[in-house]
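Shown next, in structure tokens, is the structure this report addresses.
The values are calculated or read from the model by the stated rules, or taken from the named source; none is laboratory data. Because the structure is a prediction, the values reported are computed rather than measured. Here the Cβ positions follow ideal geometry from the backbone for every residue, glycine too, while neighbour counts run over all protein chains shown.
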């Protein structure tokens, strides 16, 4: 079946008990040795602890990040070096045993299941090792750990690309699972949160309680799709119509033909097929576009006449798997997972009619799906994971009733959502003006 080319131009309107260490991860299909379009690490953020009586700021933690403003959370990208300084301003002598800095990566589900998938720490000051501002050991036990005045400790912590987590002990051998660091996100619909945080602890001597400052961070992994075909790049660059599957076969993926059967106005039996093509590569950037084509074939002219853009039900769906690990004895089999599957619709495609091909019994449509700019890239960490699919639920023509009314999708195509755009001309929208407002509402 011949499919059309686009005919419109753009311009329309608690700590986990799992053992964690940082491994040499296996190869991933990420572009290396490349320049990423990320902001410079020049934004300064300051966080404080204050004296309850005087209100004076006695501890200041400075974090340098790639956030666009100081009011945002400190933001870091894949492979980032988290750097800054910790300052103490003490008007009177205070007994301090230790000052530590820790970086956590934490997964929480349903607000009651919390696990750390990443942890690293360093000691900025220890009274047991040496006196502040001096290279010599503390010689007086009476003065040991007593601080007064101004202190400034620089710090630097590098985020790894991934972690290796001990998941089981089988036949006296430790078994590990490798994960890429997941992005920060907080999803109220699924009640899942992935958080990164810097925690400073000032441990005082004796039985005195210590002080703690927690700074939440935003982490964004880096991945981009491979460039589209040369013909599509030229179309984007020159503002030309996209070349269809006949002229640019490498630019489109043909999905499995979908057979549809039902009754029109409950009396006339109708059979039809839907031929859906989606733009390649099947990796799409947040805020970017998925181009679509759909041809409907049927011998029933009335059914084709009733098939309108709103009849085509295709959506971007997030598929979520999660569950609670069953706690077993340390030397037992692998920690099992009670898996639950949940799906959330994240975006729907907008369609419009295109001039029919010179073939009877065929009605053709073009479409676009705008990937939400705030969509969280796919991830898998511990007992949580989510991924994305394009899902075709069928046709909803007026007066048409399918023979089997099922909630099961007629077609599912897995896709990848990434954070950076391809090193190629940016995708253009081809939605005609009369459909632009409707598309913006999705």
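Restricting attention to region 294-308, and to residues there that are in contact with a strand residue (DSSP E or B) (Cβ under 8 Å, 6 or more places away or on another chain) and assigned to a helix (DSSP H, G or I), which single residue is surrounded by the most Cβ atoms within 10 Å (Cβ to Cβ)?
Here the answer is 303.
Residues are listed down the side, and each one gets a yes or a no for (1) assigned to a loop (DSSP other than H, G, I, E, B); (2) in the same structural domain as residue 400 (by TED's automatic domain parsing); (3) surrounded by 16 or more Cβ atoms within 10 Å (Cβ to Cβ); (4) touching a strand residue (DSSP E or B) at 6+ places or on another chain (Cβ under 6 Å):
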residue	(1), (2), (3), (4)
262	no, yes, yes, yes
273	no, yes, no, yes
310	no, yes, no, no
316	no, yes, yes, yes
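Filter the strands (runs of 3 or more DSSP E) completely within region 184-259 down to those with at least 3 residues that are at pLDDT 95 or above and farther than 30 Å from residue 88 by Cα. Working first, answer last.
Values: elements: 185-187, 192-204, 211-220, 252-254.
Correct list: 252-254.
Go through region 69-95 and report how many residues are in a loop (DSSP other than H, G, I, E, B), surrounded by fewer than 19 Cβ atoms within 10 Å (Cβ to Cβ) and modelled with pLDDT of 90 or more.
Of the residues in region 69-95, the ones in a loop (DSSP other than H, G, I, E, B) are 69-74, 78-80.
Restricting the remaining residues to those that are surrounded by fewer than 19 Cβ atoms within 10 Å (Cβ to Cβ) gives 69-73, 79.
Going one step further and asking which of them are modelled with pLDDT of 90 or more, we end up with 69-73.
Total satisfying the criteria: 5.
Which numbered condition in (1) surrounded by 12 or more Cβ atoms within 10 Å (Cβ to Cβ); (2) under 30 Å from residue 99 (Cα atoms); (3) at pLDDT below 80 is the only one that residue 135 fails?
(1)
Yes or no, residue by residue, for (1) touching a strand residue (DSSP E or B) at 6+ places or on another chain (Cβ under 9 Å); (2) within 16 Å of residue 42 (Cα to Cα):
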{"residue": "55", "(1), (2)": "no, no"}
{"residue": "61", "(1), (2)": "yes, yes"}
{"residue": "67", "(1), (2)": "yes, yes"}
{"residue": "76", "(1), (2)": "yes, yes"}
{"residue": "81", "(1), (2)": "yes, yes"}
{"residue": "86", "(1), (2)": "yes, no"}
{"residue": "91", "(1), (2)": "yes, no"}
{"residue": "96", "(1), (2)": "yes, no"}
{"residue": "116", "(1), (2)": "yes, no"}
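Keeping to region 394-442, report how many residues are at pLDDT 85 or above, touching a helix residue (DSSP H, G or I) at 6+ places or on another chain (Cβ under 8 Å) and outside any loop (DSSP other than H, G, I, E, B).
2
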